[in-house]
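Read through the structure below, which is laid out as C-alpha cells, and then see the notes.
The values are calculated or read from the model by the stated rules, or taken from the named source; none is laboratory data. In this text, all values refer to a predicted model and were calculated from it rather than measured experimentally. Please note: Cβ atoms are built from the backbone with ideal geometry, for glycine as well, and neighbour counts cover all protein chains shown.
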Amino acid sequence: MAAEGTTVDFEGHLDLVGVTQDYKINSNYFNFGENVFHSSRLRLIANAQIHEHVSAFVELLSDDANSPRVFGAFARLSDPKGRDIHLELGKIPLHTGAFPNRSYASKNNLISSPAIYQYHCNLRDDQLPGRTDDLVANRGKGYFTNYSSGGGTGVGVPGAGHSMPILYDNCWDFGAVVIGTAAPVEFAVGATNGTVGNPVNTDTNDGKQVLGRIGFVPAPWIRAGVSGSRGAYLMRSLEGFLPAAKKITDYNQIMGGADLELSYGRGLLYAEYIKNRFQSPLVEDLDLDAWYIEGKVTVLPGWYVAGRYDRILFDEVTLSGGGVGRWDAPLWRREVGVGFKPSKSLLAKLVHQETQIETTPRRVEAFMAAQLSLVF
C-alpha cells in the first residue's frame, strides 16, 4: 500500500512493427535476442511520488523474444532546497550521450537505435583473443564470435557473456548518479557496476565504472555536450588467463564522446561522435571511431520526414604474420522514413533501412518496416 500522500502514475508504451523481410534485421539485435523490429514490444511504467523530495521509478519491458523483465528500477532523491539536482540510485538509465533522451519509440523519429547504441562488435566479455588474427577471423560475426573455433587461439569459454556493443541503452545498469542543471549547464556524474557498452544486473568483475556528461544549452535552439566513461568490462572468469600480476580490473572500456542538437524552424539536426578503446590482455588496445548524423523536417502539421546515417570504423591491428588489418568489419547504415503523429499518444512511421558490413563478401541487409507506437 502506498504511504499517505503518495501518488503513483502509470503509463504504457505499445510498439507494433511489420517488416518486409524479417531475416534482414540481424544487425539490429539487442541482448536477450530482443529487436526493435520484432512485431511487438511493450513497456509498463510506474512513477511514484513518495515524498516531496523522493520519488521511485519502475519499468518492465516485454519483447517477442522474451518474457517481461525489469528494465529499470530506481529511487530519485531531489535537492530539498529546490535546486534542479537529483540523486538516482538503483537500476538507472544511461547518462552519457544524447540518444537515451529520445530512445522510446514515441520520441524516436525513426524505428532503430543509432548503431553506436546497439550494434555488437566481435569483442567478447567472456573470452579473450589470443592474437589479433582471432579477431580478424571473426570480423562481422557479432554474437557468433568464437576465438577458439577454426584453429583460433582464444582462451575462455563463450556463453556466459556476449559480444560487446559500444554504448547500450536497452538494459539499464545498477549504480548511482547525480544529475542536474545550473543554466546554461547540465551535468551527470556517477558510478555503475558495468560499463556503457556492458551494463550488468550483478557485478561480474568487482570493478566499478565512472561516467559523466557535461552539457551546454546557451539558447533554445542549441544543445551540446561531452561525455566520458572508464570501467572494467571483462568477466572475472577470465582472471586465470591474464598476464602475471595483472587483475581483471586492469582492462577497461574507455569512452569519450560529443553530441550536438540544433533546431531551426521546422528542422531538427542531431549528431554524435564516439571514440572508444577496449583494453585487451593478450593483444594490443582495440580502438574504434563511430558517429551518426540525423535530421528531421516537419512538412505538414503532424507529418515529418527523417533520416539517419551511421558509421563505425574499427582501427587496424598488427597481424602475427606481418601486415595489418581492421580488427572488425566497418559498418555503415542508412535509415530514412516518414512519420505521422495525429495525437500526443499515437505515432506511425514507415522506414527503409539498409546496413552494409564490409566483410568478404560484403554483407547487405535492406528492408522496409512500419511501426505504430501507442502511449496509454
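Determine whether region 248-255 contains at least one residue that is modelled with pLDDT of 95 or more and under 12 Å from Val226 (Cα atoms).
Among the residues of region 248-255, at least one is modelled with pLDDT of 95 or more and under 12 Å from Val226 (Cα atoms), which makes the answer yes.
Go through (1) more than 25 Å from Arg213 (Cβ to Cβ); (2) part of a strand (DSSP E or B); (3) at pLDDT 95 or above for Ser67 and report which single condition fails. Unmet condition: (3).
Residue pairs whose Cβ atoms lie under 6 Å apart, separated by 6 or more positions or on different chains, with the first residue in region 183-205 and over 15 Å from Asp84 (Cβ atoms) and the second part of a loop (DSSP other than H, G, I, E, B) and of a type in the set (Gly, Ala, Ser), are Val200/Gly194. Give me the residue from region 88-110 that is within 22 Å of Ala183 (Cα to Cα) and touching a Ser or Thr at 6+ places or on another chain (Cβ under 8 Å) and, out of that set, surrounded by the fewest Cβ atoms within 10 Å (Cβ to Cβ). Restricting to residues being within 22 Å of Ala183 (Cα to Cα) and touching a Ser or Thr at 6+ places or on another chain (Cβ under 8 Å), the top hit is Phe99. Taken over region 320-364, residues that are more than 22 Å from the chain's Cα centre (by Cα) and crowded, with 19+ Cβ neighbours inside 10 Å amount to 2.
Within the set Gly240, Gly307, Gly207, the sole residue that is assigned to a strand (DSSP E or B) and not aliphatic (A, V, I, L, M) turns out to be Gly307. Number of residues in region 237-272 that are more than 30 Å from Gly159 (Cβ to Cβ), among the small types (Gly, Ala, Ser), in contact (Cβ under 8 Å) with a residue 24 or more places away in the chain and surrounded by 15 or more Cβ atoms within 10 Å (Cβ to Cβ): the value is 4.
For region 216-229, which residues satisfy the criterion of being part of a strand (DSSP E or B) and either in contact (Cβ under 8 Å) with a residue 40 or more places away in the chain or farther than 20 Å from Met255 by Cα (or both)? Spell out the reasoning first.
Taking region 216-229 first, the residues part of a strand (DSSP E or B) are 216-219, 222-229.
Within region 216-229, Val217, Pro218, Ala219, Ile222, Arg223, Gly225, Ser227, Gly228, Ser229 meet the criteria.
Exactly one of (1) small (Gly, Ala, Ser); (2) touching a strand residue (DSSP E or B) at 6+ places or on another chain (Cβ under 9 Å); (3) over 24 Å from Asp287 (Cα atoms) is unmet by Ala219. Its number? Only one criterion is unmet by Ala219, namely (2).
Kindly indicate whether Leu234 is in a loop (DSSP other than H, G, I, E, B), at pLDDT 95 or above and either under 21 Å from the mean Cα position of the chain (by Cα) or exposed (fewer than 15 other Cβ atoms within 10 Å of the Cβ) (or both).
yes
Yes/no per residue for (1) touching a Cys at 6+ places or on another chain (Cβ under 8 Å); (2) over 21 Å from Leu262 (Cβ atoms); (3) surrounded by fewer than 15 Cβ atoms within 10 Å (Cβ to Cβ):
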site	(1), (2), (3)
Val299	no, no, yes
Gly302	no, yes, yes
Asp310	no, no, no
Thr318	no, yes, yes
Ala366	no, yes, yes
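Residues in region 110-143 that are aromatic (Phe, Trp, Tyr) and modelled with pLDDT of 95 or more: Tyr117, Tyr119.
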